[in-house]
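Just so it is clear, none of the values below were taken in a lab; they were calculated from the coordinates. These numbers come from a predicted model, not from an experiment. Reconstructed Cβ throughout: ideal geometry from the backbone, glycine too, with neighbour counts over all protein chains shown.
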Amino acid sequence: MRLFMQILLVLFILAAVYAIVVGLGLTRVFKRHKSTTKTVMINDFEYSRDDFDWTTGGYVKIEPSTENQTHGKKCAKATFLLQKQFFPEPTPGVPSSTSGPTTWRPEMILDVNSVTRLPVYEWQEYSALKMDVFNDQAQPVTYHLQVADSRAFVYETSGPLTPKKVTNISMPTDDLVKSRLDLVNIRSLKFWVDMTGATEPVVVYLDNLHLEGDATVPTPKKEAPKK
């Protein structure tokens, strides 16, 4: 009987402590911690009728895929087509591999004029533009990601895409500011891959194109080492 009463007392104390914690709102600490990263989705390619009409000039085939997605159930399979598929014969003003270095650059463009429009123009509250890209080739491919504002100021970044793996691309908005872009009036972004030397169309999978982070939160400063 005494042991039973002791157990009841312990349970009563635990219940009282829990009630106090809930009353003070302390149980929301972990939830707040998980949601501190602010994000806004630009395109996650979940909607076949709305998310795939980027401007390509017909030189990039963009289609829904359920392979290699990183967010949701779908992603975009982007096939960058070869110059010879459109210009089999030398064409004035279109460099070819036989007449000199090629400048063939099929692009995917998301802006205010594309059918699938850039949905977020004001980027000043976010710290980075991010996207996931899966390289379906057996060799590395170089990607290019370019952002422009309403005044045609441009910032571009590039890097390698590891074969058969997802590359998490991140473009800090601080870099855009350093290039004098107006984060309140972003108007377009372009994505393409280096086609130099390609003998077959280059296939990559795109997903989870979003803005992330809180630009209003200062980066913690590292403390100077104590002497």
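For the stretch 171-205, which trypsin sites (Lys or Arg not before Pro) are both in a DSSP coil and crowded by at most 12 other Cβ atoms within 10 Å? Please list the in-between numbers first.
Details: sites: K178, R180, R187, K190; in loops: R180.
The qualifying sites are R180.
Summing +1 for each Lys or Arg and -1 for each Asp or Glu, what net charge is found among the other residues whose Cβ lies under 10 Å from the Cβ of Y126?
Here the charged neighbours net out to -2.
Are any of the pairs K38/K178; K73/K190; K164/K190; K61/K190 more than 20 Å apart by Cα-Cα distance, and if so, which? Let's see the in-between values first.
Values: K38/K178 22 Å; K73/K190 24 Å; K164/K190 23 Å; K61/K190 15 Å.
Those over the limit are K38/K178; K73/K190; K164/K190.
Cα to Cα, under 15 Å, and not fewer than 8 places away if on the same chain: which aspartates and glutamates meet these conditions relative to K130?
Result set, ordered by chain and number: D44, E156, D174, D175, D207, E212, D214.
Step through the residues of the stretch 76-85 one at a time and calculate ³J(HN,Hα) from phi using the Karplus curve (6.51 cos²θ - 1.76 cosθ + 1.60, θ = phi - 60°), rounding each to whole Hz and writing x for Gly and Pro.
With the stated coefficients, the stretch 76-85 comes to 10, 8, 10, 10, 8, 7, 7, 4, 5, 6 Hz.
Multiply the residue separation of R180 and T157 by 0.36 nm, subtract the distance between their alpha-carbon atoms, and state the gained length in nm to one decimal. Don't skip to the end; give the middle numbers.
On the way: separation 23, 0.36 × 23 = 8.28 nm, distance 1.49 nm.
Result: 6.8 nm gained on full extension.
With r defined as the distance between the Cβ atoms of E200 and R117 and R0 fixed at 30 Å, what FRET efficiency is calculated, to the nearest 0.05?
Values: r = 32 Å, r/R0 = 1.05.
It comes to 0.40.
In nanometres, what is the gap between the two model label sites at Q124 and T142, each 7 Å from Cα along Cα-to-Cβ?
3.5
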